[in-house]
Amino acid sequence: MKKTLIFTLIAIVTICIMGNVYAALSCNIGVQASKTEIKKNEEFTVNVNVSNIQSERGIISMGGTLEYDKDSLELVKMEGKNGWETPTEGASYNVANGKIAITRSGLGKNAETIFTITFKVKESSKQNLIVGMKDISVADGTQPIKIAQAYQNITVTGGTSNPVPDEPTVNPTPNPDDKPSTDKPSNSTLGGNTNSNKNTNNKNITKSQSLPKAGDNTKVLGILVIAIIIIAVVFFIKMKLFNKKMGQ
């Protein structure tokens, strides 16, 4: 009976440790333009979306660097959505380097738009543009995760001819089955680009890239389990010896 109890306790402790090791935050970040073929002097919006959130807590902060061609596009405004603060110049948005760092009014687990950017195409715009974010980080109040970048290709009708900007290596797009909550963007706008014009140059890099160091945690877990087993065996032997003496 005592032997069974000891090994049951070992199993419970092991499960708890493994739960702490692998219960890590992950999510997808996508950039979605309202349209990808735009005329000069026309305004359009770009949504920065989050989807497929895997977290026991939910996310509460997001940061990254906004990238766009300032010679071709004018940033008109930014607006936080769904409880997220609006990136504000001099506070949560640095115009000089494009860095953004914003928080949410509370922890959130739903697929939703984080903030919306409104751009206006300049008269001197190039034809082929990219709008997006890089060096993205998302946190749930504990350890943050890193996401390389998310971007959207834009074509300006009548713009100055230029090569299509180089595309970085693309990670898999978000799960199309992600279900946003009521009054949130539709599935087609969260993550991957599914514009009606089916522009094949439109890409999003969205997958979490800096995940928990499972290898290191597994080593620690193994050491802890071995230590627990050794302690249990020693305790069991001592109990057997004690019972033997008591029986004499």
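For the reader, a short list of remarks on this structure follows.
- Per residue accessible area in Å² of region 52-125, where ligands, DNA and RNA are left out and the probe is 1.4 Å: 47 Å²
- Computed E for residue 37/residue 65 - FRET, C-beta separation, R0 25 angstrom, nearest 0.05: 0.45
- Charge sum, other residues only, whose C-beta stays under 9 Å from residue 131's C-beta, Lys/Arg counted +1 and Asp/Glu -1: -2
- Long pairs among 81/109; 35/120; 77/109, criterion Cα-Cα beyond 24 Å: 77/109
- Rounded percent of accessible protein surface that carbon and sulfur make up, region 24-98, 1.4 Å probe: 40 percent
The values are calculated or read from the model by the stated rules, or taken from the named source; none is laboratory data. All values reported here derive from a predicted model rather than from experimental measurement. Note that each Cβ is placed from the backbone with ideal geometry, even for glycine, and that neighbours are counted across all protein chains shown. Each accessible area value is taken on the protein alone, full model and side chains, heavy atoms only, with ligands, DNA and RNA left out. Shrake-Rupley method; radii C 1.70, N 1.55, O 1.52, S 1.80 Å.
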